[in-house]
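The values are calculated or read from the model by the stated rules, or taken from the named source; none is laboratory data. Since this is a predicted model, take the numbers as computed values, not measurements. Note: ideal-geometry Cβ built from the backbone for every residue, glycine included; neighbour counts use all protein chains shown. Surface areas here come from the heavy atoms of the whole protein model, side chains and all, with no ligands, DNA or RNA. Shrake-Rupley method; radii C 1.70, N 1.55, O 1.52, S 1.80 Å.
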There are 2 protein chains.
Amino acid sequence: MNAVPPTAAHTIRALSALAQEHRLAAFRLLVQAGPDGLPAGELATRLGLPASSLSFHLAQLANAGLVEARRQSRSIIYTAALPAMNALLGYLTENCCGGLPCDVAAACCEPEEARGAA
Amino acid sequence: MNAVPPTAAHTIRALSALAQEHRLAAFRLLVQAGPDGLPAGELATRLGLPASSLSFHLAQLANAGLVEARRQSRSIIYTAALPAMNALLGYLTENCCGGLPCDVAAACCEPEEARGAA
DNA sequence: TCGATATTTCCATATTTATCGAATCGTCGG
DNA sequence: CCGACGATTCGATAAATATGGAAATATCGA
């Protein structure tokens, strides 16, 4: 169903989805929550947003393929779609480096520094 | 002057800057152009945009720190600010992985696949 | 200094995006 | 079946963004 090569249009949708205070915050919470995810209501509480506003934002993230929703009883649980995030980063680095050995690619591929510092 | 740790607000500015058809296209052209960059007029021609519109978009990219401008005679030459792009990607992966060994980090750090395919 | 060129700034307008209450839909417990 | 709960959809309004012509700014060549 997925694994579609990210087009420019798709990339813009993903960037737009992330380029908003509440959505970026929501996405980060979901990433931290891991595979278990979080119910919409919990996100609304933590972000201090009315349910309808949050629902609007979650729809954007879902439309961009950055989050996935599953119903669990009355709640709807959202999880971050890491592969989609992965694809976005891949597209950005690809288009940034375009096969050339630029420092963006280099910096992105240095596990020692990136991991060791933490 | 730069090398500021990217805040969430700064990240949103960068994402917003990139999350627009013409700006993403302009940025990609600048990346391809490399350190020599391209004059504003050339970008306007290639993108088929009126000068004033392009100027507006370039201002956004510059404000986000993603491009730099230098005057050369009558033209103003724009270049992609790779370090800023680098920082953006770093922020996204950091916040995506948060120190955890998630597959985004893994996928991002596989030079063989990413480079070999091209 | 004058005219031509390259770009930006200004301004009005059009389009898109965000916000949130109210109404609606699906699910559960009794 | 009914009331409550969790969430989305709808709709109206507010705010932010994009667009492009006209005017202003800066630089160059003669």
Inspect all residues belonging to segment B:7-22 and state whether any of them is within 8 Å of chain A (Cβ to nearest Cβ), at pLDDT below 95 and away from DNA strand C (no atom under 15 Å from the Cβ).
no
Of the residues in segment A:59-70, those that are loosely packed, with under 15 Cβ neighbours inside 10 Å and more than 8 Å from DNA strand D (Cβ to nearest atom) come to A:N63, A:R70
Would you say A:A44 is near DNA strand D (Cβ under 8 Å from one of its atoms), more than 14 Å from chain B (Cβ to nearest Cβ), closer than 21 Å to A:P6 by Cβ and out of contact with any Phe, Trp or Tyr (no Cβ under 9 Å at 6 or more places or on another chain)?
no
Within the set of pairs 6+ apart or on separate chains, which have a first residue in segment B:16-38 that is among the small types (G, A, S), a second that is outside any helix (DSSP H, G or I) and surrounded by fewer than 21 Cβ atoms within 10 Å (Cβ to Cβ), and C-beta atoms under 6 Å apart?
B:S16/A:A19; B:A19/A:A19; B:G37/B:I77; B:G37/B:T79
Out of curiosity, is A:A25 closer than 18 Å to A:T79 by Cβ and surrounded by fewer than 19 Cβ atoms within 10 Å (Cβ to Cβ)?
yes
I'm trying to understand the selection: among the residues of segment B:48-58, which are aliphatic (A, V, I, L, M) and open to solvent by less than 60 Å² (accessible area, probe 1.4 Å)?
B:L49, B:L54, B:L58
How many residues of segment B:28-47 are surrounded by fewer than 18 Cβ atoms within 10 Å (Cβ to Cβ) and under 30 Å from A:A25 (Cα atoms)? The answer is 1
Pick from segment A:28-74, criterion among the polar types (S, T, N, Q) and within 16 Å of DNA strand C (Cβ to nearest atom), ranking: farthest from B:L92 (Cα to Cα)
A:S73
Is it true that B:G34 is more than 7 Å from every other protein chain (Cβ to nearest Cβ), away from DNA strand D (no atom under 14 Å from the Cβ) and more than 16 Å from B:A62 (Cβ to Cβ)?
yes
Filter pass, B:C97 being more than 7 Å from chain A (Cβ to nearest Cβ), away from DNA strand C (no atom under 16 Å from the Cβ) and either modelled with pLDDT of 95 or more or open to solvent by less than 50 Å² (accessible area, probe 1.4 Å) (or both):
yes
